[in-house]
Amino acid sequence: MKYVHKQFENGLTVLLMPSDAAESVFVNILVKVGSRYERSEVSGVSHFLEHIFFKGSKKYPQPTDIAQTIDAIGGDFNAATSKETTEFYIKAEKHHLDLIFGVLTDMMQNPLFDPAEIEKEKGVVIEEINQYQDSPSDQVESNLEQAMWPGSALGREIIGTKETVTALTRDKIAEYKDIFYQPENIILGISGNFDTEAVMKKAEAAWAHLPNTKTPKFEPISIAQKTPQLNIEYKDTQQAHLSLGFLSYEHDHKKNPAALVLACILGGNMSSRLFVKIREQKGLAYYVSASNTPYFNTGNFTIHAGLRIADTLHALEEIVKELRLIKSEAVSEQELQRAKDFIKGKTAIAFENIHRQLDWIMNQFAFAEHKKTLREFLDEVEKVTAQDVLDVADEIFAGNRATLAVIGPFKDTAVFENLLKI
């Protein structure tokens, strides 16, 4: 994974990953801001910006100009907002690099933010909110985060609420953009078939002259959870949806590789403990999984399941039994190695594409103090021991760190609370 890195005097970071074998080019702009940075009254503005940037710029003033320009060359374009970042990308054949670089640069530097388009896009985003609310498997994860980080921007939904989206104005959107879309907060990444020196000069000409203003930081999480937290939402569903979460580790924490292996052993694939026990052996669920998600100064280890309503409590009991077991008995060397080999294999497949490799290194520059290559990351995974997994399980699965969110036809919350004694 070879790349060229340069930071301009204004703080903007450029990462170039050239490949003579590639037939395409990929231009990606990552901005180190997401819903975690928002004030409550503009909740959802990061995600709304993701939409409205595509709706007109100085060189592409009509709301469909950008889409038509990229579609005309068979390119791909999209954007995504998380709790801590917002990304915009365009991918096309290698000889279209100048075009897609120019489109992305103009839409980011010279957006029109047409008030009429803003009002129209509110309707689009509100329908997106409706879609999430009609999907209990998605909504239950949001409910979990609200219960896990109450009163914090980290606990709020990335997309915002209908009320906050409706209340957005051009001035509020432009102010947020001006505050956070500063050079020091931007990582520009380009991968594919191109001349490195020429592209670096192009990036410098387009971005190095921009003035920089220091950006505000997010409010750190300082929650000392002492008791299990519950969020039980009554809804007349055909399936119960459950998310059981535990506070875990922040970005760059030395225990994250062990937490990743733990998540794989519990619910990372169709051979994992929870999948075999809950679905294959007992037939209580259609889906069950486990994952570990780090953030700045906190993290979230989550078990997610869609369950037969009548067996929800039984399934939760079985999940808790598995958590007690894995924090009290070390996993076998065979099971440990299977999990590590699964992670390494899936990672190799996922990142064999140079554009995905660029995405990896851009995230390292966004989140990690100590930047790791994919090989260094995989070496850390391989070094995880059974004792490491046991120690992490014992630390994460403490009863006072548990938060449970459930959506389904349940009114009695006490029965769930009694099961969280881990």
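Which distance in nm do the two modelled labels at ASP138 and ALA21 give, with both placed 7 Å along the Cα-to-Cβ direction?
If labels sit at ASP138 and ALA21, their model points lie 3.7 nm apart.
Note down the nm distance, to one decimal, between modelled labels 7 Å out along Cα→Cβ at GLU127 and at THR385.
5.7 nm
Could you rank the peptides 127-134, 228-235, 376-383 by their average count of other C-beta atoms within 10 Å per residue, with the highest value first? Write down the numbers at each step before the final one.
Working: 127-134: 12.8, 228-235: 17.9, 376-383: 15.1.
Peptide ranking by packing, descending: 228-235, 376-383, 127-134.
Report, in degrees rounded to the nearest 10, the 0 to 90 angle that the Cα long axis of helix 97-109 makes with the longest principal axis of the chain.
Between helix and principal axis, roughly 80 degrees.
Place a +1 charge on the Cβ of each Lys and Arg in region 64-199 and a -1 charge on the Cβ of each Asp and Glu, then give the dipole magnitude about the Cα centre in debye, rounded to the nearest 20.
Details: 10 positive and 26 negative charges, 50 e Å.
Magnitude of the dipole: close to 240 debye.
Could you pull the Rg and Dmax for the chain, using just the Cα atoms, both in Å?
Over the chain's Cα set, Rg and Dmax evaluate to 22.8, 65 Å.
So, in Å, what gap is there between the alpha-carbon centers of region 308-350 and region 192-211?
46 Å
How far is helix 170-180 tilted off the main Cα axis of the chain, in degrees rounded to 10, range 0 to 90?
Approximately 80 degrees, to the nearest ten.
With +1 on the Cβ of every Lys and Arg and -1 on the Cβ of every Asp and Glu, and nothing else charged, how large is the dipole of region 229-420 about its Cα centre, in debye rounded to the nearest 20? Walk me through the numbers on the way to the answer.
Details: 22 positive and 26 negative charges, 62 e Å.
Result for region 229-420 is approximately 300 debye, rounded to the nearest 20.
Identify, among ALA67, VAL27, HIS51, the residue whose Cα sits farthest towards the positive end of the charge dipole of region 15-84, taking +1 on the Cβ of Lys and Arg and -1 on the Cβ of Asp and Glu, with the dipole about the Cα centre.
Looking along the dipole axis, the top candidate is HIS51.
Could you work out the relative contact order of the chain, using alpha carbon pairs under 8 angstrom and six or more residues apart, expressed as a whole percent? Before the final figure, lay out each step's value.
Details: 790 pairs, mean separation 89.8, N = 422.
Contact order relative to length: 21 percent.
Please give every one of the aspartates and glutamates within straight-line cross-link reach of LYS254, meaning a C-alpha to C-alpha distance under 15 Å, and leave out same-chain neighbours fewer than 8 residues apart.
Cross-link targets: GLU369, GLU376, ASP379, GLU380, GLU382, ASP388, ASP391, GLU395.
Calculate the length of the line joining the C-alpha centroid of region 54-122 to that of region 232-246, in whole Å.
37 Å
With a sphere of radius 14 Å drawn around the Cβ of TYR234, what net charge do the other residues whose Cβ falls strictly inside it have (Lys, Arg +1; Asp, Glu -1)? It would help to have the intermediate numbers written out before the result.
Working: positive: LYS235, LYS411; negative: GLU233, ASP236, ASP412.
Local net charge: -1.
Output the Cα-based Rg and Dmax of region 227-281 in Å, rounding Rg to one decimal and Dmax to a whole number.
So, for region 227-281, Rg and Dmax equal 14.8, 43 Å respectively.
For helix 256-267, report the angle its Cα long axis makes with the longest principal axis of the Cα atoms of the chain; keep it between 0 and 90° and round to the nearest 10°.
Once rounded, the angle reads 60 degrees.
Charges only on Cβ, +1 for Lys and Arg, -1 for Asp and Glu: so what's the dipole of the chain about the Cα centre, in debye to the nearest 20? Each step should come with its number before you reach the end.
Working: 46 positive and 60 negative charges, 124 e Å.
Charge dipole of the chain: 600 debye, to the nearest 20.
Taking only pairs that are 8 or more places apart or on different chains, how many Lys pairs in region 79-237 have Cα atoms under 14 angstrom apart?
Numbers: LYS83/LYS217; LYS120/LYS162; LYS122/LYS162; LYS122/LYS172; LYS177/LYS214.
Close lysine pairs found across region 79-237: 5.
Given the -39500 (n - 2.57) contribution per DSSP H run of 4+ residues, what per-residue ellipticity at 222 nm results for the chain, rounded to the nearest 500 deg cm²/dmol? Show your work: numbers first, answer last.
Numbers: 15 runs with 171 residues, N = 422.
Dividing the helical sum by the residues of the chain leaves -12500 deg cm²/dmol.
Relative to the compact-globule scaling 2.2 N^0.38 Å, provide the ratio for the alpha-carbon radius of gyration of region 281-422.
Dividing the Cα radius of gyration by 2.2 N^0.38 Å gives 1.25.
Can you give the three extents of the C-alpha atoms in region 43-161 along their principal axes, from longest to shortest, in whole Å?
That works out to 48, 32, 24 Å along the principal axes.
Give me the one-decimal nm value for the distance between modelled label points at GLU204 and ALA330, 7 Å along each residue's Cα-to-Cβ direction.
A separation of 5.5 nm, rounded to one decimal place.
No value in this document is a laboratory result; all are computed from the given coordinates. Predicted, not measured: the structure shown is a model, and the values here were computed from it. Ideal geometry is used to build each Cβ from the backbone, glycine not excepted, and the neighbour counts take in all protein chains shown.
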